[in-house]
Amino acid sequence: MRRTSALQKCVRKQGIMTCMALSLTAAACSGRIHEVSQTDDGKIPISIRVVEIDQVPFGAATRASDVGDVCKRITYAIYQGTGEKPDKIQRDQLKTDASFGTLNISLEEGDYTLVVIAHNGDGNPTMTVPAKVTFNNKSAGKVTDTFAYCAPLSVRKDMAPVDVQLERAVAKLELKLSDSSIPEQVSRFLFEVTGVSQSYNVFTGWGLNSSKVSESFNVMPVDSVYEMYMFPREGYSTMNVTVSAQDSLGQEYKKITVSSVPVTKNKITRCTGEMFRKQILDAAVSVSIGDEWEGVHSQLF
């Protein structure tokens, strides 16, 4: 894909940036977050613009103005140096901001790593280092539809605007219960998915170590679709999905587990079946092409 080459370039550049880091001042090596004022003398003004989101169709309007149709938050992180806590400049934008999708900032001349994360979470992700973007903290909450960008950033005088092309980083799980009714005792469902991750490595474009991704839902009307997002891991193509039906006190009414469910970045996995009338059966998996995502895995249970 188009962004794969950019990510690989970013990885190759890390060796060069490590050498540059040796010449940084002691303050840069201290591990603190270094916030830079946009009005400081001697800094170079640059503009970073989100101009495209892969795998999301747009209308006739300019792509940059359509970012708000897909995401409600954008985080820009600019790193210099290496180690557990490199110097970082972070700017966060909300969809309601007039400048949403464009960041104007002044930086000292030099070489950096630029990471841009666009998502729909209720808070900003933890981004202490670019190799680990995490959404399972209290402020950021669950993983949502998430798009990412990573590339070296060389700041020089009279440089052109930096155009950012985001790539979807997640897979999506949709579960639809085909039961004709849901028992009155059931008030919520708890989804637990294993084999995927809540953290993302922008250098590799994949989720980190396997973790349990959990999310609870209040019972919705019959035929409703429950959905959640996760980061697939490189080399792993399946996940295990457990759904617990619970009463108002959190007591389990019934639990089902569907094993070896396909999961692919930028694809939707749709699971459909009855939970309350029959046992889980093995099912064949078919793939069809969707409009907004790269494809769809359809699985019956």
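Here are a few things to note about the model shown:
- Residues of the range 146-174 satisfying the condition of being crowded, with 16+ Cβ neighbours inside 10 Å and either touching a Cys at 6+ places or on another chain (Cβ under 6 Å) or not hydrophobic (A, V, I, L, M, F, W, C) (or both): THR146, TYR149, CYS150, ALA151, PRO152, GLN165, GLU167, ARG168, LYS172, GLU174
- Identity of the residue in the range 143-201, under 26 Å from PRO45 (Cβ atoms) and assigned to a loop (DSSP other than H, G, I, E, B), that ends up nearest to the chain's Cα centre (by Cα): PRO161
- Where strands (runs of 3 or more DSSP E) sit wholly within the range 207-255, those with at least 3 residues that are in contact (Cβ under 8 Å) with a residue 40 or more places away in the chain and either in contact with a Pro (Cβ under 6 Å, 6 or more places away or on another chain) or crowded, with 19+ Cβ neighbours inside 10 Å (or both) occupy 225-230, 238-246.
Throughout, read-outs are computed from the coordinates displayed, never taken from laboratory work. From a predicted model like this one, the values you see are computed outputs, not experimental measurements. Every residue, glycine among them, receives a Cβ derived from its backbone with ideal geometry; neighbour counts consider all protein chains shown.
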